[in-house]
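This report refers to the structure that appears directly beneath it.
The values are calculated or read from the model by the stated rules, or taken from the named source; none is laboratory data. Keep in mind that this is a model prediction, so the values were computed, not measured. Cβ coordinates were reconstructed from backbone atoms using ideal geometry, including for glycine residues, and neighbour counts include every protein chain displayed. Protein only, heavy atoms only, side chains kept; ligands, DNA and RNA dropped before computing areas. Shrake-Rupley method; radii C 1.70, N 1.55, O 1.52, S 1.80 Å.
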Amino acid sequence: PAGGMGLELDPLFQAWSYFRRRKFRQCSDLCSQLLERLPGEQAAWSLKTRALTEMVYVDEIDMDQEGIAEMMLDENAIAQVARPGTSLKLPGTSQGGGPSPAVRPVTQSGRPITGFVRPSTQGGRPSTMEQAIKTPRTALTARPITSASGRYVRLGTASMLTNPDGPFINLSRLNLAKYAQKPKLAKALFEYIFHHENDVKNALDLAALATEHAQFKDWWWKVQIGKCYYRLGLYREAEKQFKSALKQQDMVDTILYLAKVYLRLDQPVTALNLFKQGLDQFPGEVTLICGIARIYEEMNNISSAAEYYKDVLKQDNTHVEAIACIGSNHFYSDQPEIALRFYRRLLQMGVHNCQLFNNVGLCCFYAQQYDMTLSSFERALFLAENEEETADVWYNLGHVAVGIGDLNLAYQCFKLTLVNNNDYAEAYNNLAVLEMRKGHIEQARALLQTASSLAPHMYEPHFNFAILSEKVGDLQRSYTAAQKSEEAFPGHVDTQQLIKQLKDHFAML
């Protein structure tokens, strides 16, 4: 028509187009305008709920942090003394003979540090309440303080501010039974209540009504009920729902949810069997193979984990997590040149961050490619996003300086580490060793005490303190520190020799 009047898009179609292009804010605004004109427009209402949900959507499969509340107030009875190799809470009992703490640094809970930061393995279950409360101040990775439920509430409330007139849907006035009769609307509404409003109990009511209406034949609703039960801490009920959903429909996601339940119940062997059954149904599914590798890694069975990560790469050769973990395994098993190839592969893929250049720098140093070492660390410093990352790089530079014998540079690097991160136990320990070489006994002792209080899970500060006290003649303190060192690393030969010497000495007295 003349004047180009007919070129305007239908508003609903335009909103849908925005949604497809992930422009959720514009989509939501357009739907609001439509709903002002036609309050009963179901399509616009449904589209707006989906747009608002997508804004705050978090994939439940990966995001899983165990807080103190979940850890200490857990009512699920788990065997107190598990058989070796069947529990994640006793990582030292692995069959795979993981690397010793002398070769590879360990986390608070006694597991070797992995090559990739993951929410679920970060938590590292501390064994006592005191340790759990101290953890966030001692190891930057393990954060059991914040309760997971608190995190979800924050997600929900942040998104509420998006609507100046208050919430889009008033949940207290909603007739859930009516919506449960309309499967298409019910699904959008459930996702909205679960992710956007974070109201698990209402979401559970809606899911229960909807699954009844579907005569218990719709697997999707069973998975959602399982998710609600999991969020509420009812793991056994969640397990029943997921199993029932799997009987109706084999889905990778459902297997991953069920494995999460088993891991929370501390049954890694059951989770492994579940993943392996899943692989019979979905051969070559990357997420399942990766799940197996992660569990092996958590149980200290590093060699099996590496095998499965290699299988991941056969299916998907750009899987960042697998490349990073294989790289770090090679580095700690004394093959820096091979590790360097994996890290270079990550650089080629466009991963460009501080941690990667830090690792490349270390690999170059150990592979004796000194020309590249400092430039990699410079790049890492340039890309560091926070003070903790900067501290890590300075600490490694100090380590390199010790390696080339420049102790003054090392001293300055460790000091800079502590300027950026005052809780860096390793830097305190290494500074103490440098102070010892200068003959400053008191400073060294103070630094070692700081290090051992910050990181009780490390054996080095305890051992160094024991040696220092023994030299000065304070045998009782030396003996106590040596025992702590043995507790942290039972296989350390020097500690055992020291304890034997001290015992002989005490026997002579």
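Here the 3J(HN,Hα) profile of region 404-409, calculated from phi with Karplus coefficients 6.51, -1.76 and 1.60 at θ = phi - 60°, is 9, x, 8, 6, 5, 4 Hz, Gly and Pro shown as x.
Measuring max minus min along each principal axis, the C-alpha atoms of region 395-509 give extents of 45, 27, 23 Å (largest first). All other residues whose Cβ lies under 14 angstrom from that of His462 are scored, Lys and Arg at +1 and Asp and Glu at -1, for a net of -3. Under 1.5 on a/c is rounded, so check that first for region 348-449, then, if it is not, pick prolate when a/b is larger than b/c and oblate when it is not; a ≥ b ≥ c are the square roots of the alpha carbon gyration tensor eigenvalues. Since a/c reaches 1.5 but b/c is at least a/b, the shape of region 348-449 is classed as oblate.
Going by Cα centres, region 380-459 and region 328-353 are how many Å apart? With region 380-459 and region 328-353 each reduced to a Cα centre, they are spaced 25 Å. May I ask for the net charge around Gln281, where only other residues with Cβ less than 15 Å from the Cβ of Gln281 are counted and Lys, Arg are +1 while Asp, Glu are -1? With Lys, Arg at +1 and Asp, Glu at -1, the neighbours total -1. Using C-alpha pairs under 8 Å with a sequence gap of at least 6, the mean separation divided by the residue count of region 11-56 gives a relative contact order of 39 percent.
In sequence order, region 220-234 has phi-based couplings of 4, 5, 5, 5, 5, 5, x, 4, 5, 4, 4, 4, 8, x, 9 Hz under the Karplus curve 6.51 cos²θ - 1.76 cosθ + 1.60, θ = phi - 60°, and Gly or Pro positions carry x. Across region 384-494, Cα pairs under 8 Å and at least six residues apart give a relative contact order of 17 percent. Among the listed pairs Lys227/Lys247; Lys23/Lys247; Lys23/Lys310; Lys182/Lys260; Lys48/Lys240, a Cα-Cα separation exceeding 27 Å is found for Lys23/Lys247; Lys23/Lys310; Lys182/Lys260; Lys48/Lys240. Pair-distance distribution P(r) for region 11-56, from all Cα-Cα distances in 10 Å bins starting at 0: 34, 58, 8 percent. Straight Cα distances below 17 angstrom link Lys415 to the lysines Lys438, with same-chain residues fewer than 8 positions distant left out.
For Lys243, the aspartates and glutamates whose Cα falls under 15 Å of its own Cα, not counting residues fewer than eight places away in the same chain, are Asp218, Asp253.
If you rank Lys201, Lys415 by how much accessible surface each has, with a 1.4 Å probe, what is the order from largest down?
Sorted by accessible area, descending: Lys201, Lys415.
For the pair Ser32 and Lys503, label points projected 7 Å from Cα toward Cβ lie 7.4 nm apart.
Computed 3J(HN,Hα) for region 484-491, one whole-Hz value per residue from the Karplus formula 6.51 cos²θ - 1.76 cosθ + 1.60 where θ = phi - 60°, is 4, 4, 5, 5, 6, 8, x, x, glycine and proline marked x.
Among residues other than Tyr308 with Cβ under 14 Å from its Cβ, the summed charge is -3 (Lys and Arg +1, Asp and Glu -1). Here Asp250 and Ala208 are evaluated by their C-beta separation; at R0 = 25 Å the FRET efficiency comes out at 0.60.
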